[in-house]
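Participant: The following block contains the structure, expressed as structure tokens.
The values are calculated or read from the model by the stated rules, or taken from the named source; none is laboratory data. As the structure is a computational prediction, the values presented were derived from the model and not from experiment. Positions of Cβ are backbone-derived with ideal geometry, glycine not excepted, and every protein chain shown enters the neighbour counts.
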Amino acid sequence: MKVVVVGAGGFVGQRLATLLAAQESISELVLIDQVRVVTTAPDDRRLRVIEGDFGDISLIEAHIAGASVVYHLASILGGAAEANYALARRVNIDSSLTLIEALRDRNPATRLVFASTIAVYAKPMPDLVTDMTPTGPSMVYGAQKLMMEAAISNFAARGWLDGVSLRLSGVMARDGADARLKSAFMSRVFYAVMRGEDIVLPVHPHSRTWLTSVETAAWNFLHAGGLDAGALGRDRAFTLPTLLLTFEELVEALRRRFPESLSKVTYAPEDDLVALFGSYPAIETGIADRLGFRRDRDADELVARAM
């Protein structure tokens, strides 16, 4: 079986590539990114590491041929998309459409697993988010992801493509998270406590957020690649299971993980960041639960897997 990962140099992409490389059923694993992809098994003869732009149709056509599964994780995220609309459009819309249309035209039976986001939901959210909660993104990033969700679902309904979009919550914890991302503080707190560094969080201690570990996120993408099309049915865009935590609960779990840490964690709430990252309600992920996707059990498991 041939598998392709687009965006394999990213945070989730690297971990997914490691999980895929451990699958004996995979005969060829193609890892594509604009940056150099560092693998844990560079001598694995099944690996092909390609450095290039996935918006280049000749590159995509050359490497998707014969693929059973294509994972599409490449994108311009959050604040970076807000700051550079032209770049975000080129990557998140134009190049993404190039990829899914190439699959439609040449490999319609290929399973496409697309990384979407909870940013597709409108703010403020209702008291309970379910699979029936309407979307209404306010940020460029969320709007562009929703556009791709619609295209993939439409192609699937027409029989043009076997695609599914998975909405990720905050994936923890990226060391050295890009400061342009408004959510960067959520990863930074993990490493601040680990290293004994002080940090100020721009939310309240009781602010609530949805989090998942990178290990669990990568496993869920792996799982999606093997799901039977009949099991998916018409459910081609849904939110993955996630853990609802207050920041106080997260910090307490980090203290248990690193009991010798002298890190001082304080709070200086900023209204816009509280609204974006600290005002999450309860959530039910019925579709994902039915299909066997996972969530981290509790804050301690989240921290252990995230680090």
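Participant: Could you name every one of the helices (runs of 4 or more DSSP H) located completely within segment 203-307 that has at least 2 residues being farther than 20 Å from residue 175 by Cα, over 15 Å from the mean Cα position of the chain (by Cα) and not assigned by TED's automatic domain parsing to the domain that holds residue 189?
Facilitator: Details: elements: 214-225, 229-232, 247-257, 271-277, 286-290, 299-306.
Result: 229-232, 286-290.
Participant: Go through segment 108-149 residue by residue and tally those that are aliphatic (A, V, I, L, M), in contact with a helix residue (DSSP H, G or I) (Cβ under 7 Å, 6 or more places away or on another chain) and surrounded by fewer than 18 Cβ atoms within 10 Å (Cβ to Cβ).
Facilitator: So the answer is 1.
Participant: Do we have any residue at all in segment 144-152 that's out of contact with any Cys (no Cβ under 6 Å at 6 or more places or on another chain) and under 19 Å from residue 280 (Cβ atoms)? Break it down stepwise before answering.
Facilitator: Residues of segment 144-152 out of contact with any Cys (no Cβ under 6 Å at 6 or more places or on another chain): 144-152.
The next check asks that each one be under 19 Å from residue 280 (Cβ atoms); those that pass are 145-146.
Checked against the condition, which is being out of contact with any Cys (no Cβ under 6 Å at 6 or more places or on another chain) and under 19 Å from residue 280 (Cβ atoms), segment 144-152 yields at least one hit.
This table checks each residue for (1) at pLDDT below 95; (2) of a type in the set (Phe, Trp, Tyr); (3) within 14 Å of residue 302 (Cβ to Cβ).
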position: 225; (1), (2), (3): no, no, no
position: 231; (1), (2), (3): yes, no, no
position: 239; (1), (2), (3): no, no, no
position: 242; (1), (2), (3): no, no, yes
position: 254; (1), (2), (3): no, no, yes
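Participant: Is it the case that some residue within segment 177-194 is modelled with pLDDT of 90 or more, surrounded by fewer than 20 Cβ atoms within 10 Å (Cβ to Cβ) and acidic (Asp, Glu)?
Facilitator: Among the residues of segment 177-194, not one is modelled with pLDDT of 90 or more, surrounded by fewer than 20 Cβ atoms within 10 Å (Cβ to Cβ) and acidic (Asp, Glu), which makes the answer no.
Participant: If you don't mind, another one. Output yes when any residue across segment 159-180 is part of a helix (DSSP H, G or I), touching a residue at least 40 places away in the same chain (Cβ under 8 Å) and either of a type in the set (Phe, Trp, Tyr) or outside the structural domain of residue 263 (by TED's automatic domain parsing) (or both), and no when none is. Please lay out each step first, then the result.
Facilitator: Going residue by residue through segment 159-180, those that are part of a helix (DSSP H, G or I) are none.
No; the residues of segment 159-180 include none that is part of a helix (DSSP H, G or I), touching a residue at least 40 places away in the same chain (Cβ under 8 Å) and either of a type in the set (Phe, Trp, Tyr) or outside the structural domain of residue 263 (by TED's automatic domain parsing) (or both).
Participant: Now a separate question. Do we find that residue 44 is free of Cβ contacts under 8 Å to residues at least 24 places away in the same chain and either touching a Gly at 6+ places or on another chain (Cβ under 9 Å) or assigned by TED's automatic domain parsing to the domain that holds residue 103 (or both) in this structure?
Facilitator: Working: free of Cβ contacts under 8 Å to residues at least 24 places away in the same chain: yes; either touching a Gly at 6+ places or on another chain (Cβ under 9 Å) or assigned by TED's automatic domain parsing to the domain that holds residue 103 (or both): yes.
Here the answer is yes, as residue 44 does meet what is asked.
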